[in-house]
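**Q** My structure is below; once you've seen it, I'll send some questions.
The values are calculated or read from the model by the stated rules, or taken from the named source; none is laboratory data. Just so we're clear, the structure is a prediction, and the values are computed from it rather than from any experiment. For neighbour counting, all protein chains shown are included, and Cβ atoms are generated from backbone atoms with ideal geometry for every residue, glycine included. The area values use the complete protein model at the heavy-atom level, side chains included, leaving out ligands, DNA and RNA. Shrake-Rupley method; radii C 1.70, N 1.55, O 1.52, S 1.80 Å.
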Amino acid sequence: MNYNVFNLLWQGLSGHKGWQQAWRSPEPKPRYDAVIIGGGGHGLATAYYLAREYGMTNIALLEKGWLGGGNTGRNTTNVRSDYMFPESAAIYDMALRLYETLGKDLNYNIMLSQRGWLTLIEDQHQMEGARHKANWLQCNGVDGEIIGAAQVAQMMPGLQMKGRYPVRGAFLQKRGGTIRHDAVAWGYARAADRLGVDIIQNCEVQGFEQENGRITAINTSRGRIETDRVGVAVAGHSGVIAEKAGFRLPITSHCLQAMVSEPVRPFLDHVVISPGTGVYINQTQKGEMVMGGVLDLYHSYGQRGNFPTIEKVITSAVEMFPAFSQMRLMRHWAGIVDISPDSSPILGQTPVENMYINCGWGTGGFKAIPAGGYMLAHSIATGRPHELAAPFGLNRFRDNRLVDEGAAAGIAH
């Protein structure tokens, strides 16, 4: 059933009794042409593009818990593509361009709001870095500009302009903004299911059977599944799956915490980050303030936060917007992000011949979902990396060809 105004009116008039299940819950078959591990945004996007672009429909997607229950449902919903190095800019801008048409492609409203993403400029060093970044982005064909303090004050009337970190301007990407994260997972799941993909939830991967360096079958909590090709998109748990397949990844897993306030009247029309505090804020369509900060420096798989981080983020948010001091905090959560040595993703072939991986996005995983899925689907279908994914292979660590985006783009890891 298509989601459109006519069906919405008809279902409304008929008591909403005709809506169909958005995706099936099939029992796993004994064999698939390809199996994708991970039912978050990247895994679901991989399944969708593998079926749509390459005609592979005998596919299973295995999820240990429920769809979107990992990082896809545990982020701050931000999207942007103002990364600096050409390799990073190309892949993140591809993701943003795919997001811009994704609602129409999937027939699902992902609630894309390109309200503008501002990185505040709070000292001369940041100003020089912003100028450098603006030049790089122009060379890469990605939009972005520096605006003055007066324009920042006009765009965000409640922002403290002369506090501990006086605002001298901002780097603005107008195409940046937010997306409803659950809708991305649900939209991809519904579209992949319609193309024949079996989405199997509550199915934990327990081990792999291998022969001559290739995976021949996957042992799961719901039985043994034979397959020719395996794709892995499990974010912070990539190292766990890699260990079960017999190799190690150069990544570490950390908590990234976020929180949301009670809903208030429209106050903040843009997404904003303060490099001085590391805190970023946006307001949802329901009126809540979504706030996040830097990741926890210790390794962890716990999807929970701690009070020191809450205190730091809230203190910084109130410092940026003093009016927030009267608001109450409503919810708090953490996602498990996978950090590579150069703060860039790992895409493509693994040491196991027929296993391909998509991981290492760190704090940028949600904004990269469409491109990450597209790249992994290409590798699974062709056995080769997509041309945009080629710089992000595991071999770059052996050959010392790092794409060190850590400090370049002002990301928080």
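**Q** Determine Rg/Rh for segment 313-413; Rg is computed over alpha-carbon atoms and Rh is the Kirkwood hydrodynamic estimate from the same atoms.
**A** Values: Rg = 18.0 Å, Rh = 15.8 Å.
Ratio of gyration radius to Kirkwood radius: 1.14.
**Q** Give the distance, in whole Å, between the Cα centre of segment 370-385 and the Cα centre of segment 343-365.
**A** Between the Cα centres of segment 370-385 and segment 343-365 lies a distance of 11 Å.
**Q** Turning to a different aspect of this structure: Set the Förster radius R0 to 41 Å, insert the Cβ-Cβ distance between residue 151 and residue 3 as r into 1/(1 + (r/R0)^6), and round the FRET efficiency to 0.05.
**A** Values: r = 38 Å, r/R0 = 0.93.
Efficiency, rounded to the nearest 0.05: 0.60.
**Q** Let me ask something else. Give me a comma-separated list of calculated 3J(HN,Hα) values for segment 61-66, in order, Karplus coefficients 6.51, -1.76, 1.60 applied at θ = phi - 60°, integers in Hz, x for any Gly or Pro.
**A** Residue by residue, segment 61-66 yields 10, 9, 10, 5, x, 10 Hz.
**Q** Okay, next question. Over 23 Å between C-alpha atoms is what I'm after, so list which of 162/312; 133/367; 29/367 land there. Don't skip to the answer; put the middle values down first.
**A** Working: 162/312 20 Å; 133/367 19 Å; 29/367 33 Å.
The pairs that break the limit, which is 23 Å between Cα atoms, are 29/367.
**Q** Against the longest alpha carbon principal axis of the chain, how many degrees, from 0 to 90 and to the nearest 10, is the axis of helix 86-106 turned?
**A** 70
**Q** Now a separate question. Could the peptides 378-389, 86-97 be put in order, highest first, of the mean number of other beta-carbon atoms found within 10 Å of their residues?
**A** Numbers: 378-389: 18.3, 86-97: 21.7.
My ranking of the peptides, most packed first, is 86-97, 378-389.
**Q** Can you tell me which of 193-201, 300-308, 112-120, 283-291 comes out highest on packing, and rank the rest after it, using the mean Cβ neighbours within 10 Å? Working shown, then result.
**A** On the way: 193-201: 20.2, 300-308: 12.8, 112-120: 22.1, 283-291: 17.7.
Descending mean neighbour count gives 112-120, 193-201, 283-291, 300-308.
**Q** Order the following by accessible area, largest value first: 10, 333. Probe radius 1.4 Å; ligands, DNA and RNA are ignored. Let's see the in-between values first.
**A** Details: 10 155, 333 40 Å².
The residues order as 10, 333, largest area first.
**Q** Could you work out how much longer the chain between residue 221 and residue 353 gets when fully extended? Use 0.36 nm per residue separation minus the Cα distance between them, nm to one decimal. Could the numbers behind the result be given before it?
**A** On the way: separation 132, 0.36 × 132 = 47.52 nm, distance 2.41 nm.
Additional length available on full extension: 45.1 nm.
**Q** Kindly rank 15-21, 264-270, 42-48 from highest to lowest mean number of other beta carbons found within 10 Å of each residue. Walk me through the intermediate numbers first.
**A** Working: 15-21: 8.4, 264-270: 14.9, 42-48: 33.0.
The packing order, highest mean first, is 42-48, 264-270, 15-21.
**Q** For segment 127-242, what mean projected area does the convex hull of the alpha carbons give, in nm²?
**A** Numbers: hull surface 53.0 nm².
Across all orientations, segment 127-242 yields a mean hull projection of 13.3 nm².
**Q** Here is a further query. Bin width 10 Å, origin at 0, all Cα-Cα pairs of segment 1-120: what percent of pairs per bin?
**A** Taking all Cα pairs of segment 1-120, the binned fractions are 10, 30, 35, 20, 5, 0 percent.
**Q** Quick check: pseudo-label points 7 Å beyond the Cα along Cα→Cβ at residue 66 and residue 390, how many nm apart are they?
**A** Label at residue 66, label at residue 390, 4.3 nm between them.
**Q** Sticking with this one: How big is the gap, in Å, between the Cα center of segment 157-180 and the Cα center of segment 242-290?
**A** 16
**Q** List the trypsin sites (Lys or Arg not before Pro) within segment 305-413 that DSSP assigns to loop and that have no more than 15 neighbouring Cβ atoms inside 10 Å. Before the final figure, lay out each step's value.
**A** Working: sites: 312, 328, 331, 367, 396, 398, 401; in loops: 328, 401.
Hits after loop and neighbour filter: 328, 401.
**Q** Further question on the same structure: Just the accessible area per residue of segment 170-303, please: how many Å² with a 1.4 Å probe?
**A** Ligands and nucleic acids excluded, the figure is 39 Å² per residue.
**Q** Volume per residue, Å³, of the convex hull around the alpha-carbon atoms of the chain? Don't skip to the answer; put the middle values down first.
**A** Details: hull volume 59.4 nm³, N = 413.
Spread over its residues, the Cα hull of the chain gives 144 Å³ apiece.
**Q** For the chain, what does the helix formula give at 222 nm: sum of -39500 (n - 2.57) over DSSP H segments with n ≥ 4, over the residue count, nearest 500 deg cm²/dmol?
**A** Working: 10 runs with 123 residues, N = 413.
Mean residue ellipticity, 222 nm, calculated: -9500 deg cm²/dmol.
**Q** As I understand it, the value is the acute angle between the Cα axis of helix 181-194 and the longest principal axis of the Cα atoms of the chain; what does it come to in degrees, rounded to 10?
**A** Helix 181-194 sits roughly 30 degrees off the main axis of the chain.
**Q** If you don't mind, another one. Over the Cα atoms, compute the radius of gyration (one decimal) and Dmax (the largest Cα-Cα distance, rounded to a whole number) for segment 235-278, in Å.
**A** Expressed in Å, the Cα Rg and Dmax of segment 235-278 come to 18.3, 53.
**Q** Could you give the nm distance between label points at residue 298 and residue 124, where each point is 7 Å from its Cα heading toward the beta carbon?
**A** Distance between label points: 4.0 nm.
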